[in-house]
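For reference, the structure I am asking about is given below.
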Amino acid sequence: MTPLLEVAALAKHYPVKQGLLGRTQGLVRAVDGVSFAIARGETLALVGESGCGKSTTARLVLRLIEPTAGTIRFDGVEVAGAAELRALRRRVQVVFQDPYASLNPRLRVGETIAEPMEVHGIGDAASRTARVQELLGLVGLAPFHAQRYPHEFSGGQRQRIGIARALSVQPELVVCDEPVSALDVSIQAQVVNLLKDLQARFGLSYLFIAHDLAVVRHMADRVAVMYLGQIVETAPKRTLFAAPRHPYTRALLSAIPHPDPGRRGRVAHLGGDVPSPMNPPSGCRFHTRCPHAQDVCREQPPPLREIAPGHASACHFAEDLPPFDAAEGQGIAPLAARRLALYAAAKLRRSGAAARG
Amino acid sequence: MGDESPLLKIEGLRTVFRTSVGEIAAVDGVDLAVPRGRTLGIVGESGCGKSMLSLSVMRLVPPPGRIASGRVLLEGRDLLTLAPAEMRDVRGSRVAMIFQEPMTSLNPVHPVGRQITEAMRAHDKRASARELRDRAIEALRRVRIPAPERRFDDYPHQLSGGMRQRVMIAMALACRPALLIADEPTTALDVTVQAQILDLLRELQAETGMSIVLITHDLGVVAEMADEVAVMYAGKVVERAAAVEIFASPQHPYTLGLLGSIPRLDEDRERLLAIEGAVPPPFALPKGCRFHPRCPFAIETCTRAQPMLEEVAPGHLAACIRAPVEQAVELVA
């Protein structure tokens with residue numbers, strides 16, 4: 001089956017201009033040859049630190065910016081001209097990171113949610129109003145919220161509004177650009193659960209951008225890890241978490257704080273910052289921070305190569321890395337686990353038969 | 001803790017805001033203690049009053065808020081009774097604070113080094129400019145900033161988010177405070193940088209023996225840092241215990257909800273155990289236990305009487321009549 005979205009060798013380079021004549025001094029390779037595909041109903045997570053190019057990739061997929069090179073095929077058709085772009089604009093929607101900046105403060109929530117339908121000429125005023133009511137219910141808000149302004153809502157509720165807006169034109173792919181990064185942990189969980197419910201209900205595909213692998217664990221079917229504009233590892237979710245085969249993926253996993261004080265201080269964390277994408281390190285771009293780096297890593301860039309079906313890593317030593325256990329020392333105490341189970345059961349009972357396990 | 005008196009002791013603290021609907025309490029009768037050289041983690045969702053609590057300790061509550069009652073004892077001295085000039089002396093030299101967003105706390109038009117020397121100058125009028133520069137470079141070195149001599153003249157926008165937070169920490173620690181209040185210090189950062197900053201804070205604490213109050217919404221971060229934990233909800237402490245104890249035997253349903261919300265790597269759950277709803281605003285608090293509308297264990301009694309913070313195990317306090325929940329659950333119809 002054709003994937004819903006297919007991205008091949010996508011690149012975005014920004015020239016750096018300096019001086020009076022605005023001469024190009026160099027290139028920032030924000031995205032530098034990225035390929036991936038998303039099937040219908042699938043979630044691909046794109047994960048990496050700030051500056052790795054994951055948000056630029058999202059913007060390229062949305063065609064909010066023009067790629068320097070590479071192709072984007074949506075539902076088998078290459079998005080090149082204005083006609084394809086117009087269709088893409090309806091079929092691909094976005095939920096942004098900052099629920100404060102991404103809603104117009106002067107529009108009532110109902111107007112915000114109806115706006116994409118107006119832009120695409122869907123329905124009349126009455127049907128749009130009805131649809132807004134329906135959407136508010138879908139994302140767990142009340143019909144009267146349509147008359148309110150964004151400032152009257154909490155961060156989590158605003159993110160729900162953003163999701164309702166994205167769904168208003170019945171998209172097939174939703175690009176979620178760090179949709180929960182700005183939220184409290186407890187609210188993150190609500191929004192993640194909502195996104196999963198909506199996916200099951202409407203068969204949505206997600207391109208889910210995150211800097212935190214833990215959140216991804218509960219969202220993604222497949223994960224692609226990005227570093228300095230390139231994908232360094234991609235695998236089905238379970239494989240990636242059980243047996244990561246790139247040192248950077250392992251570093252991201254080790255950095256996640258665990259609810260276990262016994263683990264404290266036992267994990268070595270990645271040092272340093274992401275190098276400048278204007279002047280990326282020679283050879284493997286990760287070698288400056290990699291605990292396993294050898295001479296070959298400084299000299300030869302490792303290609304992203306398949307090491308098992310569906311699992312690719314861009315590391316010279318992917319097969320030779322020592323064993324790794326992401327959840328090491330993370331056992332939640334038995335009594336705490338028992339109480340969490342009771343909490344889950346009590347919650348399920350309260351929410352009635354409507355709730356799903 | 002031993003028999004040593006705590007560095008900071010908060011007793012019956014109430015911070016109120018006068019509004020059109022009357023006086024509302026953002027912090028509503030909080031008792032806490034921070035042992036010397038240790039870390040107290042204060043955890044709760046946005047709006048639970050944890051930031052207002054820390055601002056109360058600094059006496060920086062923004063108007064129309066004010067501290068209505070209580071005591072804030074630092075090394076035995078009640079900060080709430082100090083004259084404004086005395087309090088200014090305490091801030092920075094004895095108690096320092098770092099915030100979530102280092103970009104808004106740094107002045108964008110001054111080099112970072114100058115901002116550190118300014119903070120030093122406020123507490124040391126006699127040092128020469130040369131001396132202050134050396135000390136500021138030393139402060140940058142202590143927070144593991146590479147090539148601090150060169151970074152001294154950098155502007156905030158030239159630094160990464162992690163580097164900016166390091167500069168903030170350098171500035172906060174410039175005068176060797178006994179207590180550092182860190183209000184969501186890593187919330188805006190990447191997980192990798194968060195891990196670095198938490199490592200750094202732990203190392204600096206071991207070096208200087210300072211106490212830390214760490215404010216966060218993430219129990220995972222608390223587990224990485226805290227010795228003692230206080231869980232806050234709607235202006236009140238609902239659970240207090242040693243960190244090891246609270247993760248081994250969480251008592252309050254709100255603590256369970258926060259714990260269940262953390263995405264975990266060791267478990268392949270499809271759904272996260274979220275807490276439904278949101279923290280009620282201080283002007284619309286529910287009757288009885290303030291958590292009862294969101295609590296899956298709530299019974300009729302919970303809607304009437306506010307539960308007291310009581311000892312459920314030695315050194316472990318919880319404000320819930322249903323705790324421990326395994327005993328309560330048989331009673332559910």
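The values are calculated or read from the model by the stated rules, or taken from the named source; none is laboratory data. Note that the structure is a prediction, hence the values are computed from the model and not measured. Note that we place each Cβ from the backbone using ideal geometry, even for glycine, and neighbour counts take in every protein chain shown.
When the residues of the stretch B:103-162 are narrowed to those that are among the polar types (S, T, N, Q), in a loop (DSSP other than H, G, I, E, B) and free of Cβ contacts under 8 Å to residues at least 40 places away in the same chain, which ends up surrounded by the most Cβ atoms within 10 Å (Cβ to Cβ)?
B:SER160
Against the definition (closer than 20 Å to A:CYS176 by Cβ and among the charged types (D, E, K, R)), how does A:ASP124 come out, yes or no?
no
Of all residues in the stretch A:211-241 being under 12 Å from A:LYS54 (Cα atoms) and assigned to a loop (DSSP other than H, G, I, E, B), which is farthest from the other protein chains (Cβ to nearest Cβ)?
A:GLY229
Hey, another quick one. B:VAL325 passes all but one of (1) over 19 Å from B:ASP28 (Cβ atoms); (2) in contact (Cβ under 8 Å) with a residue 60 or more places away in the chain; (3) touching a Gly at 6+ places or on another chain (Cβ under 8 Å); (4) among the hydrophobic types (A, V, I, L, M, F, W, C); which number fails?
All conditions are met except number (3).
Being within 14 Å of another protein chain (Cβ to nearest Cβ) and not aromatic (Phe, Trp, Tyr): is that true of B:ALA188 here?
yes
Now, a different point. Tell me the residue from A:PHE208, A:PHE202, A:PHE286 that is surrounded by fewer than 22 Cβ atoms within 10 Å (Cβ to Cβ), more than 8 Å from chain B (Cβ to nearest Cβ) and among the aromatic types (Phe, Trp, Tyr), please.
On inspection, the qualifying residue turns out to be A:PHE202.
Of all residues in the stretch A:114-167, which are of a type in the set (A, V, I, L, M), free of Cβ contacts under 8 Å to residues at least 40 places away in the same chain and part of a helix (DSSP H, G or I)?
Matches in the stretch A:114-167: A:VAL119, A:ALA125, A:ALA126, A:ALA130, A:VAL132, A:LEU135, A:LEU136, A:ALA146.
Provide a single number: the residues in the stretch B:40-94 that are of a type in the set (S, T, N, Q) and touching a His at 6+ places or on another chain (Cβ under 9 Å).
Of the residues in the stretch B:40-94, 2 are of a type in the set (S, T, N, Q) and touching a His at 6+ places or on another chain (Cβ under 9 Å).
Answer with yes or no whether B:GLU224 is touching a residue at least 40 places away in the same chain (Cβ under 8 Å) and either among the hydrophobic types (A, V, I, L, M, F, W, C) or assigned by TED's automatic domain parsing to the domain that holds B:LEU317 (or both).
The answer is no for B:GLU224.
Quick check on my filter: what residues within the stretch A:71-88 are surrounded by 17 or more Cβ atoms within 10 Å (Cβ to Cβ) and either in contact with a helix residue (DSSP H, G or I) (Cβ under 6 Å, 6 or more places away or on another chain) or of a type outside the set (Asp, Glu) (or both)?
Selection gives A:ILE72, A:ARG73, A:PHE74, A:VAL79, A:LEU88.
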